[in-house]
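**Student:** Input: one structure, supplied below.
Quick note: the coordinates plus some simple rules give every number you see, no bench work behind them. Owing to the predicted nature of the structure, the values given are computational and were not obtained by experimental measurement. Cβ: placed from backbone, ideal geometry, glycine included. Neighbour counts: every protein chain shown.
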Amino acid sequence: MAPTVKDGDITSELLSGAGIATLMCRDLHALVHELNEGAAAALIAEEHLSGTQKTPLSAWLARQPPWSDLPLLILTRQGADSPDSAEAWRTLGNVTLLERPTRVTTLLSAAQTAIRARLRQYQIRGHLSERSKNEQALRSADRRKDEFLATLGHELRNPLAPILNSLEILKLSGAFDDDRTRQACAVMERQVRHLNRLVDDLLEVSRITRGIIEVKKEPLDLTAIVRAAIETSRPVLDNLRHELTVEFAPEPMCVGGDPVRLTQVFANLLNNAAKYTNHGGRISVTTRHDNGEAVVSVRDNGIGIAPALLSQVFDMFMQVDRSTRRSQGGLGIGLTLVRSLIGMHGGSVEAKSDGPGLGSEFTVRLPLLVNATVGSAAAHRMEPLPSRRILIVDDSRDGGESLAMLLRVLGAEVALAHSGRSALECVDSFKPDVVLLDIGMPGMDGYEVARRIRGNPANRNISLIALTGWGQDEDRKRSVAAGFNHHLVKPADIEQLRQLLTVA
Ligand code: ADP
């Protein structure tokens, strides 16, 4: 936009001679149109930028994406600085002022520099768009990985239930009475439970990544929790002949927390201390009050952690040494879980080590509750299972049959169905007191079976227990809505099942 049409023609000719394509615009609307079409730079006489005239251009400049900084060459009048060009310089961004009359070389070099700058911006645009494409691809790969982990966890969990049930049956049937078989049974049980823990960790991590991990807080005594964690880890500690010293704070350590989750946290830290310390190491657990916080620290004299890796050990799947000798069958998830769970309790966890070979210390801090009383969980006595007619519905034959055998050994009268339809027939003929119902079945699923059973008033006294791989709050809500009385997650804890059947 030259001062006059004549000036415009001369300037166009000059620039074209230097290989720069130009186009003259009548007003700023036309100029903005050309900018949208991809003009690399604009050459504007200051007369066209006075007052509100420049609004369409300044609006266009303000809307530029982050990579864009359009070069503007402003032809100013000769002599004293005019307020219009000063204002344009201040407000329009990437501005070069060229005083008239402009020398040809000055004009050409300014125009070429502006175009070079714009080309560089296009390169950045290319990089940014490439990066955003890569980012999207990574994000979708990450999402698929999370989904895969969730599916893997569930698929691995299903076969574990029948294996554990069958072991339980063999134990109850007295099949493991001589030393050799008892030992073999103990090995199987330990290994299956280990597998179970790995699968639980996998499921937990997929819950963390989807942000649906749950904690149910209540006032509790942290000392009791740490004691329970020590008991959980005792076999690992003893196995590796570690010496454990414990120093509990004399005052009560009352915190608001989920007892299961917090036990899991300290058992994880203790298991790690045991795993990453050579045989016969020293491990200590101390608890204390500090500034309104309950502090628990687990210290070992094991292999230690290099300073640069200290903050990374909490990252998902992070393992300092992936050789099987050291990773000891872990998945690199334990500390991720510890950090998430402690975070959900409003606390923090920190790792310290003076370096490789110099031991490690993990310190957990949780806010102390003041004036809280801690309820003690009533110790439960195991009651024998009263006579019950139980219908088990599971499309997995192994799962159903092993549970049926186990409940028969415990004295129940059991019928078995492997599909929703046969379950409904069986309810009519067998007249069970309790139906243990799998949810995910081909054809008619457990929810539908439950609704149909509840649909018949004759069945109102039947107790319905969902037995499924899915244990989130929303799954539990769905099963309540379908008419279930209870919801158990596979592999069901036999003791919990026994208690439910006793009251059902
Ligand atoms: P995993 O033990 O399954 O590998 P974790 O998340 O529990 O996973 O731990 C991550 C990594 O942190 C471990 O692989 C190990 O390298 C390191 N680490 C954890 N605890 C200790 C410890 N007490 N001493 C030394 N290194 C440890």
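**Student:** Check each of the GluC sites (Glu not before Pro) in segment 147-255 and keep only those in coil by DSSP with at most 12 other C-beta atoms within 10 angstrom; list them in order. Spell out each step's value before the answer.
**Tutor:** Details: sites: E147, E155, E168, E189, E204, E214, E231, E243, E247; in loops: E214.
Here the sparse-neighbourhood loop sites are E214.
**Student:** Which semi-axis lengths, in whole Å and largest first, follow from the square roots of five times the eigenvalues of the Cα gyration tensor of segment 91-141? Write down the numbers at each step before the final one.
**Tutor:** Values: eigenvalues 298, 26, 3 Å².
Largest first, segment 91-141 gives 39, 11, 4 Å.
**Student:** Within a 10 angstrom radius of the beta carbon, how do E495, E448 rank from fewest other beta carbons to most?
**Tutor:** Working: E495 10, E448 15.
Lowest to highest Cβ neighbour count: E495, E448.
**Student:** Cut-off is 10 Å between beta-carbons; in what order do L92, L28 appear when sorted fewest neighbours first?
**Tutor:** Values: L92 19, L28 22.
So the residues, fewest neighbours to most, are L92, L28.
**Student:** Can you give me the Cα centroid spacing of segment 121-160 and segment 252-284 in angstrom?
**Tutor:** Between the Cα centres of segment 121-160 and segment 252-284 lies a distance of 33 Å.
**Student:** If r is the Cβ-Cβ distance from D493 to N461 and R0 is 22 Å, what FRET efficiency results, to the nearest 0.05? Could the numbers behind the result be given before it?
**Tutor:** On the way: r = 25 Å, r/R0 = 1.15.
Using R0 = 22 Å, I get an efficiency of 0.30.
**Student:** Go through segment 179-287 and name the trypsin sites (Lys or Arg not before Pro) that are in a DSSP coil and have 11 or fewer other Cβ atoms within 10 Å of their Cβ. Each step should come with its number before you reach the end.
**Tutor:** Numbers: sites: R180, R182, R190, R193, R197, R207, R210, K216, K217, R227, R241, R261, K275, R282; in loops: R210, K216, K217, R241.
In loop regions of segment 179-287 (DSSP not H, G, I, E or B), the sparsely surrounded trypsin sites (Lys or Arg not before Pro) are K216, R241.
**Student:** With N denoting the number of residues in the chain, provide Rg(C-alpha) divided by 2.2 N^0.38 Å, to two decimal places. Intermediate results must be reported in sequence, preceding the final value.
**Tutor:** Numbers: Rg = 36.1 Å, N = 504, 2.2 N^0.38 = 23.4 Å.
For the chain, the normalised Cα radius of gyration is 1.54.
**Student:** Once you have the Cα-Cα distance between A141 and R210, take 0.36 nm times their residue separation minus that, and quote the gain in nm to one decimal. Please list the in-between numbers first.
**Tutor:** Numbers: separation 69, 0.36 × 69 = 24.84 nm, distance 1.45 nm.
Separation in residues times 0.36 nm, less the Cα-Cα distance, equals 23.4 nm.
**Student:** Just to confirm my numbers, what's the Cα centroid distance between segment 1-53 and segment 91-118 in Å?
**Tutor:** Value for the Cα centre distance between the two parts: 12 Å.
**Student:** Among L149, L23, L270, which comes first, then next, by fewest other beta-carbon atoms within 10 Å?
**Tutor:** Working: L149 19, L23 10, L270 25.
With the fewest neighbours first, L149, L23, L270 line up as L23, L149, L270.
**Student:** Just for the Cα atoms in segment 47-154, what are the lengths along the principal axes, largest first, rounded to whole Å?
**Tutor:** Principal extents (largest minus smallest coordinate, Cα): 80, 32, 16 Å.
**Student:** Please work out the FRET efficiency for the pair T55 and M24, using the Cβ-Cβ distance as r and a Förster radius of 30 Å; give the result to the nearest 0.05. Working shown, then result.
**Tutor:** Values: r = 21 Å, r/R0 = 0.69.
FRET efficiency, T55 to M24: 0.90.
**Student:** Please list, or write none, the lysines whose alpha carbon is within less than 19 Å of the alpha carbon of K133, excluding same-chain residues fewer than 8 places away.
**Tutor:** Leaving aside lysines fewer than 8 places away in the same chain, those within reach of K133 are K145.
**Student:** Turning to a different aspect of this structure: Counting Lys +1, Arg +1, Asp -1, Glu -1, what net charge surrounds R476 among other residues with beta carbon under 15 Å of its beta carbon? Mind dumping the intermediate values first?
**Tutor:** On the way: positive: R207, K216, K477, R478, K490; negative: E214, D473, E474, D475.
Charge balance near R476 sits at +1.
**Student:** Also, quick follow-up: Averaging sequence separations of C-alpha pairs under 8 Å and six or more residues apart, then dividing by the length of the chain, give the relative contact order as a whole percent.
**Tutor:** Values: 756 pairs, mean separation 49.6, N = 504.
Here the relative contact order equals 10 percent.
**Student:** Same structure again: Please say if segment 1-54 is rounded, prolate or oblate, where rounded means a/c under 1.5 for a ≥ b ≥ c the square roots of the C-alpha gyration tensor eigenvalues, and otherwise the choice is prolate for a/b larger than b/c and oblate otherwise? Each step should come with its number before you reach the end.
**Tutor:** On the way: a/c = 2.45, a/b = 1.32, b/c = 1.86.
Taking the square roots of the gyration eigenvalues as a ≥ b ≥ c, segment 1-54 is oblate.
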